[in-house]
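**Q** After the structure tokens below, expect a handful of questions from me.
No lab work stands behind these numbers, since they all come straight from the coordinates. Keep in mind that this is a model prediction, so the values were computed, not measured. Here Cβ is always computed from backbone atoms with ideal geometry, including for glycine, and neighbour counts include all displayed protein chains.
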Amino acid sequence: MFDAADIRHLPKPELYEELPRQLDGLLHGERDLVANLANAAALIFHSLPDLNWAGFYLMKDGGLVLGPFQGRTACVRIAVGQGVCGTAVAERRTQLVADVHAFPGHIACDSASASELVVPLIVGGEVRGVLDLDSPTPARFDMTDAAGCERLVEVLLRHVAP
Ligand code: SME
């Protein structure tokens, strides 16, 4: 059984050194997409402080569909270009949103969410989905979180082919 040390208290630079290593170890030797996304969502949710939602949406039939996550129930389908997640797909880049209520078209799944970080999963030049993190604290995420979560997605994509 994989036993991740509690690293939530670490300063961000150390946290984002350690967390990709833990994710790599957690997914080692397993290729199942749902299993790996589920464990990645759980590890991230319980390792990064001050989150109320962490998980994945996957591209299916031209739109995003809810995948494995931790947190309250969420909206199932998001169109490309819609909300923060759909914008990450349309623009093919990470979205760092300090105040979700000021983001045009933001989709409020959990009214507790105040800020959001979305990283696209790009495989072979094609967007296959997104990693979505929500926080109840405004401006919870900064460039260190964005770079760290892009690193997590790199590690994840080495273990799955969504
Ligand atoms: N807020 C997101 C929708 C997904 S939930 O946060 C889980 C958005 O605007 O795309």
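**Q** So which residues in segment 80-96 are within 10 Å of the ligand (Cβ to nearest atom) and either more than 13 Å from the chain's Cα centre (by Cα) or in a helix (DSSP H, G or I) (or both)? Break it down into steps so the answer makes sense when it comes.
**A** Applying the first criterion (within 10 Å of the ligand (Cβ to nearest atom)) to segment 80-96 yields 82-89, 95.
Passing the criteria: Gln82, Gly83, Val84, Cys85, Gly86, Thr87, Ala88, Val89.
**Q** Looking at Val89, Val100, Val160, which is the one that is closer than 21 Å to Tyr16 by Cα and either buried (at least 16 other Cβ atoms within 10 Å of the Cβ) or aromatic (Phe, Trp, Tyr) (or both)?
**A** Numbers: Val89 fails: closer than 21 Å to Tyr16 by Cα; Val100 fails: closer than 21 Å to Tyr16 by Cα.
Matching residue, one of Val89, Val100, Val160: Val160.
**Q** Let me ask you something else. Just give me the residues in segment 53-79 being within 11 Å of the ligand (Cβ to nearest atom) and in a loop (DSSP other than H, G, I, E, B), in sequence order.
**A** Arg72, Thr73, Ala74, Cys75, Val76
**Q** Look through Val127, Val119 and report the one residue that is in a strand (DSSP E or B) and more than 18 Å from Gly62 (Cβ to Cβ). Explain how you work it out, then say what you get.
**A** Working: Val127 fails: more than 18 Å from Gly62 (Cβ to Cβ).
Exactly one of Val127, Val119 is in a strand (DSSP E or B) and more than 18 Å from Gly62 (Cβ to Cβ), namely Val119.
**Q** Give the residues of segment 102-130 that are within 11 Å of the ligand (Cβ to nearest atom), closer than 21 Å to Ala79 by Cβ and in contact with a helix residue (DSSP H, G or I) (Cβ under 7 Å, 6 or more places away or on another chain), sorted by residue number.
**A** Phe103, Gly105, His106, Ile107, Ser113, Glu116, Leu117, Val118, Val130, listed by residue number.
**Q** Scan segment 140-151 and give yes if some residue there is within 14 Å of the ligand (Cβ to nearest atom), of a type in the set (Ser, Thr, Tyr) and more than 14 Å from the chain's Cα centre (by Cα), otherwise no.
**A** Taking segment 140-151 and keeping what is within 14 Å of the ligand (Cβ to nearest atom), we get 140-141.
If we keep only those that are of a type in the set (Ser, Thr, Tyr) as well, we get none.
Checking segment 140-151: not a single residue is within 14 Å of the ligand (Cβ to nearest atom), of a type in the set (Ser, Thr, Tyr) and more than 14 Å from the chain's Cα centre (by Cα).
**Q** While we're here: Does Leu156 satisfy being under 21 Å from Ala40 (Cβ atoms), free of Cβ contacts under 8 Å to residues at least 12 places away in the same chain and touching a strand residue (DSSP E or B) at 6+ places or on another chain (Cβ under 8 Å)?
**A** On the way: under 21 Å from Ala40 (Cβ atoms): yes; free of Cβ contacts under 8 Å to residues at least 12 places away in the same chain: no; touching a strand residue (DSSP E or B) at 6+ places or on another chain (Cβ under 8 Å): yes.
Spelling it out, it is not the case that Leu156 is under 21 Å from Ala40 (Cβ atoms), free of Cβ contacts under 8 Å to residues at least 12 places away in the same chain and touching a strand residue (DSSP E or B) at 6+ places or on another chain (Cβ under 8 Å).
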